[in-house]
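Enquirer: Just passing along the structure, written as structure tokens.
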Amino acid sequence: MQALTEQELHNLAMNIVGRELEAAGYEFMGVNSKPKKNPQFVCLREKELHFIVVRSVAYPDDPKEYDKELLEKVKAHALKYEARTYYAGVGLSNAENRELPVYLNESYIVEYDGLIEV
């Protein structure tokens, strides 16, 4: 069994959030899949710009808690573009045993409650 890397977990979280954004009518202006390059999504919806920071969060950490200092920096940047800022924390854990890593081609649990406006 092969555990997913940090980048693979991040890509999985990006796909989960990206599908939700697409379904909600967001138009992607920019996508950045590097975990430390923020924001991950720059989207347009109803003529309004949105900056979205995505993080994959390992169990037992709370996917709703975010790095306030980082998000304030992103928000300050977003305000220059009259954009709204959001955090999307996606909790990912092994479906068989939450203490184990998420493995390639194995089932996993997603804990995601949508965007949190900053």
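Enquirer: Return the distance in nm (one decimal) between the two label points of a simple spin-label model at N15 and I109, each offset 7 Å from Cα along Cα→Cβ.
Expert: 2.1
Enquirer: Simple spin-label model, 7 Å along Cα-to-Cβ: K64 to K34 in nm?
Expert: A separation of 3.2 nm, rounded to one decimal place.
Enquirer: If you stretched the chain out fully between H77 and Q7, how much longer would it get, using 0.36 nm times the residue separation minus the C-alpha to C-alpha distance?
Expert: 22.7 nm
Enquirer: Can you give the convex hull volume of the alpha carbon atoms of the chain per residue, in Å³?
Expert: 95
Enquirer: List the residues whose amide H sits under 5 Å from the amide H of V118, counting only those 5 or more places along or on another chain, with H placed 1.01 Å from N in the peptide plane.
Expert: Close amide H contacts, sequence-distant or interchain: T85, Y86, Y87.
Enquirer: Going by C-beta contacts inside 10 Å, put F51, F28, F41 in order with the fewest on the left.
Expert: F28, F41, F51
Enquirer: I need the fraction of alpha carbon pairs in segment 12-61 separated by more than 15 Å, rounded to a whole percent.
Expert: Counting pairs separated by more than 15 Å, the tail of P(r) holds 44 percent.
Enquirer: Over segment 42-89, what per residue volume does the convex hull of the Cα atoms give, in whole Å³?
Expert: Spread over its residues, the Cα hull of segment 42-89 gives 64 Å³ apiece.
Enquirer: For segment 57-62, in order, what is each residue's ³J(HN,Hα) by Karplus, 6.51 cos²θ - 1.76 cosθ + 1.60 with θ = phi - 60°, in whole Hz (x at glycine and Pro)?
Expert: Along segment 57-62, the couplings run 10, 7, 5, x, 5, 8 Hz.
Enquirer: For L4, which sequence-distant residues (separation of 5 or more, or a different chain) have an amide H within less than 5 Å of its own amide H, given hydrogens modelled in the peptide plane?
Expert: Sorted by chain and number, the residues that satisfy this are V102, Y103, L104.
Enquirer: Relative to the first principal axis of the alpha-carbon coordinates of the chain, what is the inclination of helix 6-23, with its axis defined by its Cα atoms, in degrees from 0 to 90 and to the nearest 10?
Expert: Taking Cα atoms only, the helix is inclined about 50 degrees.
Enquirer: What do you get when you divide the Cα radius of gyration of segment 63-118 by 2.2 N^0.38 Å, with N the number of residues?
Expert: Working it through for segment 63-118, the quotient is 1.49.
Enquirer: Counting Lys +1, Arg +1, Asp -1, Glu -1, what net charge surrounds Y26 among other residues with beta carbon under 13 Å of its beta carbon?
Expert: Its environment carries a net charge of -1.
Enquirer: I've got another one for you. Note the count of lysine pairs whose C-alpha atoms are less than 21 angstrom apart in the chain, limited to pairs 8 or more residues apart or on different chains.
Expert: Close lysine pairs under the 21 Å cut-off: 19.
Enquirer: Oh, and also: Can you give me the angle between helix 68-80 and the longest principal axis of the chain, using Cα atoms only, in degrees from 0 to 90, rounded to the nearest 10?
Expert: Rounded to the nearest ten degrees, it is 30.
Enquirer: Would you mind calculating the relative contact order of segment 4-95 from Cα pairs under 8 angstrom and at least 6 residues apart, reporting the percent as a whole number?
Expert: Contact order relative to length: 27 percent.
Read-outs throughout are calculated quantities, based only on the coordinates presented, and are distinct from any laboratory measurement. Keep in mind it's a predicted model, so treat the numbers as computed, not measured. Quick reminder, even Gly has a Cβ in these numbers, built from the backbone with ideal geometry, and neighbours come from all protein chains shown.
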